Amino acid sequence: MALTTTRARPVVGARPARRRESVLARIVRHWADYLYIAPALIVMLLVIGYPIYYTVYLSFFATPPSLSMDEKIWVGLDNYRRILRSESFRDVTWNTFIWTIFSTFFAFVLGFAAALVVHREFIGRGIVRGLLLIPYVISAVAASYIWRWLYHSDSGLISGVLMDLGLIDRPINFLDDIDRVMPSLIVANVWKEFPFAMIMLLAGLQTVPEQLHRAAMVDGAGTWHRFIHVTIPHLKGVIIITTLLLLVTNLNSFTIVWIMTGGGPAGASEIWITEVYQLAFGRLRFGLASAYSVILFIVMMTLGYFYVKALTRGDRRRRPA
Amino acid sequence: MSTAQQTLPAARAATKAAARRTRRRRGIWDILGWIYLVLLLIFTVVPMLWMLSTSLKSEWAALQQPPQWLPSNPTLRHYERLLSPYSEVGPTFLRYLFNSFWVSSATTVLGVMIAIPAAYAFSRFRFPGREALFFSVLLRNMFPAVVFLMPLFIMMRWLHLVNTHGSLILTYLTFGLPLSIWLLKGFYDNIPPELEMAARIDGASRFQAFWRVVMPLSAPGIIATAIYSFILAWNEYVYALTFLNNEERLTLPVGLQRFFTEYASNWPGLMAAAFIMSVPVVALFLILQKYFVRALTEGAVKT
């Protein structure tokens, strides 16, 4: 303990007291560096910076339901007021909440357990890992149709098997039922998403030093205790990042809901993203949809803040800039 | 001395007992693990096998209840129809396939080419604004595509790019480029700068050092990034749905949906189309799994 403090101090003190340079001078000195990022920067400004600006701008206007943006009327914060006060916003937000939380939770738990299992050595491990990852790589459109077919009310596999087993008498209606639609969609989403959590956590598990486990074993710690006191603390960073990325992906996921139910029946599976899409391209209410997007932005930025913080913690430690 | 000799065997026995205990406890966890793995494999694999099995059935057989696990009269008819240029849907489907290849490849090549110098600069140089710029790159991953959709759609109308592949290639850079920069930076971070310095001392210019030393070493990283970006572009649906109307120009994900609305009850045909669409990405992924996994986890997991 004493040794580390005495060693750490001189390093901090011995930092070369570099002459302070003005920002402009540094920019000039580094001018050539900017050439490397210039193409990327231009493209990003065009396809990312500008859209963000325009969305915020448009959110203050009422737009007539047409594609030409010439007749828009300045309405200030009216769009926001209308959205936040509307009854459907409450329902859609609740759906979004359920969808995001449950998808993230189950994808994480299934993925973590899978990572622990395939981390052990056994014959055929490579094949098993590959198989488990496939749902993540295939397109969400294909996945949506596969699950729609599995859920099919007359000829679906799931109803068929359950009837074969004598568990039910009549086929279950999974997607056309207000109460069942959300859980059914979440199952399909978890099927597609859990491999992501698995890969991330598996990569994390591979960085846990074997000696730590040995040491804990010598101390008499069983599998469970080693998991709680060695594995989990070591994976903290990866766990945070994986959870945040899953939250963001689920909050943003559009395809599965759109193709499987389109938000129905009766809006029972409508989430923010599908609602924004309906508003913009179904009803051509660009102003309203923009305001909706900005609300989404704010939620994302909050999550994004924690994501960047979690990511850069490791970066700073490794190489002080 | 004598006490030490006495306790040694006792200690050994104690360790052995402890080891046996942990092994027994491990045994329970092992069994639970195997059960879980089997259930998870069923959950993962059955939907995919069901797609394959359905795609080999006739339309009538597919609607049978109870469902047939394996087709009693397997047929390749749906695949033939989709892939033959002489059937009624074949030409359209092949066109979708070609469009998807073209758009995904162009996006990948363009994205990686622009990303390489940027990622290198973010990894090596310490110019003012570097951190702020890099974080804005990261933050892009947070934004939903749907939010970009409206302004990009309006922009594409101005540029007269609606209904062209150019609009897709350009917009796919919204996710391809930040992702490529982020992944490649991770790979460049892992290449020691000393190697370039050595090359510089030997008389190479900065560009030569980059081209001759860094590029070959980062080839796996570039491959990983390219696959990842190709897969994302291949699977992309929202932009393609919004920007393309022309039947001739659709990519596979949207094309699949068109098929579905047209041949609503033809589930085997749809499953065959979904299978064909999955083959390239799954093949790419299985061949280059190691790189792909590295690309996914790079950055989040620091060793």
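Whether any residue in segment A:179-187 is surrounded by 15 or more Cβ atoms within 10 Å (Cβ to Cβ), under 18 Å from the mean Cα position of the chain (by Cα) and within 13 Å of chain B (Cβ to nearest Cβ) is what I want to check. Yes, because at least one residue in segment A:179-187 is surrounded by 15 or more Cβ atoms within 10 Å (Cβ to Cβ), under 18 Å from the mean Cα position of the chain (by Cα) and within 13 Å of chain B (Cβ to nearest Cβ).
Checking the conditions here, which among A:248, A:218, A:230, A:299 is within 7 Å of another protein chain (Cβ to nearest Cβ) and either at positive phi or free of Cβ contacts under 8 Å to residues at least 60 places away in the same chain (or both)? Only one candidate passes the filter, namely A:248.
In segment B:231-240, the count of residues that are part of a helix (DSSP H, G or I), over 22 Å from the mean Cα position of the chain (by Cα), of a type in the set (Gly, Ala, Ser) and within 12 Å of another protein chain (Cβ to nearest Cβ) is zero. Contact map, segment A:112-128: residues that are assigned to a helix (DSSP H, G or I) paired with residues that are small (Gly, Ala, Ser), Cβ distance under 7 Å, separation 6+ or inter-chain. Pairs shown: A:112/A:197; A:117/B:33.
Conditions (1) within 30 Å of residue B:150 (Cα to Cα); (2) away from chain A (no Cβ under 12 Å), marked per residue:
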position: B:254; (1), (2): yes, no
position: B:261; (1), (2): yes, no
position: B:272; (1), (2): no, no
position: B:281; (1), (2): yes, no
position: B:287; (1), (2): no, no
position: B:291; (1), (2): no, yes
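Being part of a helix (DSSP H, G or I) and crowded, with 21+ Cβ neighbours inside 10 Å is a condition met by at least one residue of segment A:264-272. When you check residue B:100 against the structure, is it buried (at least 19 other Cβ atoms within 10 Å of the Cβ), assigned by TED's automatic domain parsing to the domain that holds residue B:254, in contact with a Pro (Cβ under 9 Å, 6 or more places away or on another chain) and not acidic (Asp, Glu), yes or no? Considered against the rule, which asks whether it is buried (at least 19 other Cβ atoms within 10 Å of the Cβ), assigned by TED's automatic domain parsing to the domain that holds residue B:254, in contact with a Pro (Cβ under 9 Å, 6 or more places away or on another chain) and not acidic (Asp, Glu), residue B:100 comes out as yes. Among the criteria (1) in a loop (DSSP other than H, G, I, E, B); (2) within 7 Å of chain A (Cβ to nearest Cβ), the one residue B:203 does not fulfil is (2).
The residues listed here are B:238, B:214; of these, the one that is among the β-branched types (Val, Ile, Thr) and either over 30 Å from residue A:282 (Cβ atoms) or outside the structural domain of residue B:118 (by TED's automatic domain parsing) (or both) is B:214. Just to verify a result, which residue in segment B:134-154, among those that are more than 7 Å from every other protein chain (Cβ to nearest Cβ) and either more than 24 Å from residue A:250 (Cβ to Cβ) or without any contact (Cβ under 8 Å) to a residue 24 or more places away in the chain (or both), is surrounded by the most Cβ atoms within 10 Å (Cβ to Cβ)? Out of the qualifying residues, it is B:134. If you go through segment A:275-293 and keep only what is surrounded by fewer than 21 Cβ atoms within 10 Å (Cβ to Cβ) and touching a residue at least 24 places away in the same chain (Cβ under 8 Å), you end up with A:283, A:284, A:285.
There is at least one residue in segment A:199-207 that is under 30 Å from residue B:238 (Cβ atoms), facing chain B (nearest Cβ under 10 Å), modelled with pLDDT of 85 or more and under 14 Å from the mean Cα position of the chain (by Cα).
Answer yes or no as to whether residue B:125 is modelled with pLDDT under 90 and within 7 Å of another protein chain (Cβ to nearest Cβ). Against the criterion (modelled with pLDDT under 90 and within 7 Å of another protein chain (Cβ to nearest Cβ)), residue B:125 qualifies. If the condition is being in contact (Cβ under 8 Å) with a residue 60 or more places away in the chain and not in a helix (DSSP H, G or I), then segment B:63-94 contributes B:63, B:89. The residue that is farthest from residue B:151 (Cα to Cα), among those in segment A:41-85 that are of a type in the set (S, T, N, Q) and outside any loop (DSSP other than H, G, I, E, B), is A:79. Residues considered: A:292, A:277, A:305. Of these, the only one that is in contact with a helix residue (DSSP H, G or I) (Cβ under 9 Å, 6 or more places away or on another chain) and facing chain B (nearest Cβ under 7 Å) is A:277.
Considering A:113, A:38, A:25, the condition of being closer than 30 Å to residue A:184 by Cβ and either modelled with pLDDT of 85 or more or surrounded by fewer than 15 Cβ atoms within 10 Å (Cβ to Cβ) (or both) is satisfied by A:113 alone.
Residue-by-condition table, conditions (1) more than 30 Å from residue B:293 (Cβ to Cβ); (2) in contact with a strand residue (DSSP E or B) (Cβ under 6 Å, 6 or more places away or on another chain); (3) exposed (fewer than 15 other Cβ atoms within 10 Å of the Cβ):
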{"residue": "A:131", "(1), (2), (3)": "no, no, no"}
{"residue": "A:142", "(1), (2), (3)": "no, no, no"}
{"residue": "A:149", "(1), (2), (3)": "no, no, no"}
{"residue": "A:157", "(1), (2), (3)": "yes, no, no"}
{"residue": "A:163", "(1), (2), (3)": "yes, no, no"}
{"residue": "A:167", "(1), (2), (3)": "yes, no, yes"}
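Just wondering, is there one or more residues in segment B:275-289 that are closer than 27 Å to residue A:257 by Cβ and not hydrophobic (A, V, I, L, M, F, W, C)? Yes, that holds for at least one residue.
The values are calculated or read from the model by the stated rules, or taken from the named source; none is laboratory data. This structure is a prediction, so every number in the text was calculated from the model and none was measured. Counting neighbours? That spans all protein chains shown, and the Cβs are built from the backbone with ideal geometry, glycine included.
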